[in-house]
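Working notes, beginning with the structure itself.
The values are calculated or read from the model by the stated rules, or taken from the named source; none is laboratory data. Everything numeric in this text was worked out from a predicted model, so none of it was measured. Using ideal geometry, Cβ is built from the backbone for each residue, glycine included, and neighbour counts are taken over all protein chains shown.
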Amino acid sequence: MIHPKKVGHVVLKARDLKKIEQFYTEVLGFEVVMHLDRPRGIRGVFFAGIGGAWFNNQTTQNPCTGESAKFRFANSQSFTCQVPTGVKLNPDGSAMFTPADPITGLQSPILNFTTQNVSGFRLQDGRASYGLGLETFALGFPIHLDWSWRTLFNRGWEDVVFACTSVNTATGQCVSGAADWRKPRFAIWIGYDF
């Protein structure tokens, strides 16, 4: 017979709790310390996550300085950033473009910039999110209603990273994606969480 010395934590999800408990106590020799019954009704949850991924030798571009460097998960150095505010306009109101590339024939719009100081801790190449949720059971399955928010842990840095996600063609001004980045996301899903 197996005699475990110590097990710190075991979570069991089973249809017949008495049978599985009997197996773990009588066959494997575990001791039951506490039971947690499946909650009835609705319960609230809080969740958070942080991470980052990259390929070996992949360079990333710092949106503040424009420099290419190796992956940097977080940063707390102070920078003065050049943030695009829009496209330079001709006197007739049309956008100004660079000369056409001789190989591709493509032209890039000439941008206006402003400076913005960024300091404090922030995720440079990493990403994070947090949220609140409600869980209940319906027809034997857990149903989750989740509200989540993305963050880089620094509002000023988010304003730099997402400063110009598109351009308003009527005014030539940048449309910031920072407000969209910070909007809550809502999801409904069915399944067991781990």
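Residue by residue, here is whether (1) at pLDDT 80 or above; (2) over 27 Å from Gly140 (Cα atoms); (3) surrounded by 10 or more Cβ atoms within 10 Å (Cβ to Cβ); (4) in contact with a strand residue (DSSP E or B) (Cβ under 6 Å, 6 or more places away or on another chain) holds:
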residue: Val7; (1), (2), (3), (4): no, yes, yes, no
residue: Lys18; (1), (2), (3), (4): yes, no, no, no
residue: Glu21; (1), (2), (3), (4): yes, no, yes, no
residue: Gly29; (1), (2), (3), (4): yes, yes, yes, no
residue: Leu36; (1), (2), (3), (4): no, no, no, no
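Pairs, please: C-beta under 9 Å, at least 6 apart or cross-chain, first residue without any contact (Cβ under 8 Å) to a residue 12 or more places away in the chain and in region 101-123, second among the acidic types (Asp, Glu)? Qualifying pairs under 9 Å: Gln107/Asp101; Ser108/Asp101.
Residues in region 180-193: is at least one of a type in the set (Ser, Thr, Tyr) and under 25 Å from Cys81 (Cα atoms)? There is no residue in region 180-193 that is of a type in the set (Ser, Thr, Tyr) and under 25 Å from Cys81 (Cα atoms).
Looking across Ser166, Ser129, one residue alone is in contact (Cβ under 8 Å) with a residue 12 or more places away in the chain, in contact with a strand residue (DSSP E or B) (Cβ under 7 Å, 6 or more places away or on another chain) and assigned by TED's automatic domain parsing to the domain that holds Trp54. It is Ser129. Put simply, of Ser119, Ser94 the only residue that is of a type in the set (Gly, Ala, Ser), assigned by TED's automatic domain parsing to the domain that holds Trp54 and in contact with a strand residue (DSSP E or B) (Cβ under 8 Å, 6 or more places away or on another chain) is Ser119.
Is it fair to say Ala178 is out of contact with any strand residue (DSSP E or B) (no Cβ under 6 Å at 6 or more places or on another chain) and modelled with pLDDT under 90? Spelling it out, Ala178 is indeed out of contact with any strand residue (DSSP E or B) (no Cβ under 6 Å at 6 or more places or on another chain) and modelled with pLDDT under 90.
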